[in-house]
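Here is the structure we will look at, set down as structure tokens.
No value in this document is a laboratory result; all are computed from the given coordinates. These numbers come from a predicted model, not from an experiment. Positions of Cβ are generated from backbone atoms using ideal geometry, with glycine treated the same way; all protein chains shown enter the neighbour counts.
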Ligand SMILES: *Cc1c(COP(=O)(O)O)cnc(C)c1O
């Protein structure tokens with residue numbers, strides 16, 4: 001399997017190279033040349049298998065021989081050993097035919113761990129055998145950074161720098177990034193919002209001299225290996241509820257569009273998904289895109305679901321590539337319009353295809369709070385605000401009630417305790433294993449929202 005850039009102007013790479021590179025050299029994102037197919041029989045055979053076994057079967061066609069089968073099963077076992085539930089991503093019933101897919105059983109209590117723990121293991125294996133060293137940079141609205149630092153702390157061959165918007169992540173998120181003591185992980189607080197942080201990371205990648213000097217690699221959700229790892233739980237949950245013999249629907253709390261794009265991939269591989277609902281908070285660029293056909297950025301308004309406070313949804317570019325019939329130059333032109341003019345209009349054909357594949361809804365702050373309260377009063381579940389955005393959207397876009405609706409529960413309520421307490425009166429407790437988080441010493445570097453300043457920190461640490 002080879003990977004091509006969404007902008008059509010970068011060399012094709014194999015799985016390992018695409019994983020280690022992150023962003024393509026033309027500024028695009030890597031996508032597989034074609035979508036491997038799983039037959040209904042192959043999907044039906046997933047029933048009852050351990051998560052790791054399904055992961056092997058779903059991911060195998062994409063790996064192109066990068067890892068042997070036994071080796072990859074070993075990697076999967078190491079990746080998920082730290083999860084505190086034997087099903088890894090268990091389902092919980094919340095209504096007659098309504099389900100939460102709990103993706104927060106990893107070390108940092110958000111779904112980012114599912115992919116990050118796996119790519120931490122894959123990176124280490126790959127770097128070891130190629131005797132290489134890398135500098136990983138990433139931007140975070142909170143959860144990616146903590147998951148990355150957790151996945152790479154102490155790993156040989158990698159230095160990790162995570163940029164986060166100063167003051168705009170929750171205290172649990174910040175502490176998860178600033179308390180690991182390993183010298184190879186660094187939390188950088190910048191004076192800007194998440195989109196600034198993400199833009200500076202992209203700038204570093206586009207500064208080819210710097211990129212080569214420090215061997216830059218990315219683990220943001222733009223990294224194909226992360227998207228791929230997330231495809232797995234669409235299969236495990238759908239099969240548990242009767243797929244491929246009956247369809248299921250998903251609602252996905254969405255920011256950077258990585259998680260829901262994984263659902264799109266599962267569907268392209270043959271999983272019968274009825275509705276795929278994009279759930280956004282008040283930062284609703286994607287909901288507006290579906291409603292109007294205009295993809296136009298606006299100011300970011302901080303919300304109680306900070307991991308979705310985004311106006312540039314990087315992985316949307318991967319879908320755009322599909323909507324534009326894989327015409328790289330057309331994608332490049334739209335992305336240039338987004339950068340220069342703040343937006344672009346989808347051509348009619350592309351908009352039609354988008355609406356065929358996806359539904360969307362957005363939740364205001366008030367609606368998010370009401371959904372947290374409703375979950376608590378109706379089912380006794382404490383849900384995080386991101387999950388609540390999903391519950392709100394799922395209710396609006398429920399469709400056929402005979403089809404199971406699975407809402408992705410993207411974080412543990414204890415990661416966002418203030419919002420949960422404000423609406424339910426209950427303060428969700430951190431799991432025992434991280435009960436001392438608030439006692440550990442913090443370590444962070446403040447840096448201006450300025451490419452040269454950031455490169456000095458990243459390059460300096462790297463050289464020293
Ligand atoms: C990252 C994140 C999201 C958004 O996921 P994307 O892949 O960026 O769309 C939603 N909820 C939580 C808790 C997250 O950490």
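Under a point spin-label approximation (7 Å from Cα along Cα-to-Cβ), what is the residue 92-residue 299 distance to one decimal in nm?
That separation, rounded to one decimal, is 3.7 nm.
Note the direction-averaged projected area, equal to a quarter of the hull surface, for the Cα convex hull of segment 403-464, in nm².
Its average projected convex-hull area is 9.2 nm².
Consider all pairwise Cα distances in segment 17-67 and report the whole-number % of them above 19 Å.
For segment 17-67, the fraction of Cα-Cα distances above 19 Å is 43 percent.
Using only helices, what value at 222 nm comes out for the chain when you add -39,500 (n - 2.57) per DSSP H run of length 4 or more and divide by the total residues, to the nearest 500 deg cm²/dmol?
-13500 deg cm²/dmol
So in the chain, what percent of DSSP beta bridges are antiparallel if you round to the nearest 5?
Percent antiparallel among DSSP bridges in the chain is about 25.
Can you give the relative contact order of segment 100-164 as a percent, counting alpha carbon pairs under 8 Å and 6+ residues apart?
37 percent
Report for segment 58-162 the percent antiparallel among DSSP-assigned beta bridges with both residues inside it, nearest 5.
45 percent
What nm value, rounded to one decimal, do you get for the distance between residue 437 and residue 400 when each label is placed 7 Å out toward the C-beta?
With each label placed 7 Å out from Cα toward Cβ, I get 4.0 nm.
What whole-number volume per residue, in cubic angstrom, does the convex hull of the C-alpha atoms of segment 108-173 give?
Each residue corresponds to 72 Å³ of Cα convex hull volume.
Say a paramagnetic label sat at a point 7 Å from the Cα of residue 26, along Cα to Cβ; which residues of segment 330-371 have their backbone N under 15 Å from it?
Label zone hits: 330-336.
With N denoting the number of residues in segment 194-283, provide Rg(C-alpha) divided by 2.2 N^0.38 Å, to two decimal places.
1.37
Roughly how large, in nm² to one decimal, is the mean projection of the convex hull of the alpha-carbon atoms in segment 310-423?
Answer in nm², one decimal: 9.1.
Which order do 111, 261 fall in if you start with the one that has the fewest other Cβ atoms within 10 Å?
With the fewest neighbours first, 111, 261 line up as 261, 111.
Between residue 69 and residue 209, what FRET efficiency comes out of the Förster formula 1/(1 + (r/R0)^6) with R0 = 51 Å and r the beta carbon distance, rounded to 0.05?
FRET efficiency, residue 209 to residue 69: 0.80.
Relative contact order of segment 1-112: what whole-number percent is it, with Cα pairs under 8 angstrom and at least 6 residues apart?
Value for segment 1-112: 19 percent.
Expressed in whole Å with the largest first, what are the equivalent ellipsoid semi-axes of the chain derived from the C-alpha gyration tensor as the square root of 5 times each eigenvalue?
In descending order, the three semi-axes are 29, 26, 24 Å.
How large is the convex hull of the C-alpha atoms of segment 1-142 per residue, in Å³?
Dividing the Cα hull volume of segment 1-142 by its residue count gives 159 Å³.
Sorted from fewest to most neighbouring beta carbons within 10 Å, what does the list 234, 3 look like?
With the sparsest Cβ surroundings first, the list reads 3, 234.
Residue separation times 0.36 nm, minus the C-alpha to C-alpha distance between residue 333 and residue 452: what's the value?
Gain on extension, residue 333 to residue 452, equals 40.1 nm.
Output needed for segment 57-120: three equivalent-ellipsoid semi-axes, defined as square roots of 5 times the C-alpha gyration tensor eigenvalues, in descending order, whole Å.
Listed largest to smallest, the semi-axes of segment 57-120 are 26, 14, 10 Å.
Of 275, 132, 340, how do they rank once you tally other Cβ atoms within 10 Å and put the fewest first?
340, 132, 275
Report relative contact order for the chain in percent, whole number only (criteria: Cα-Cα under 8 Å, sequence separation at least 6).
19 percent
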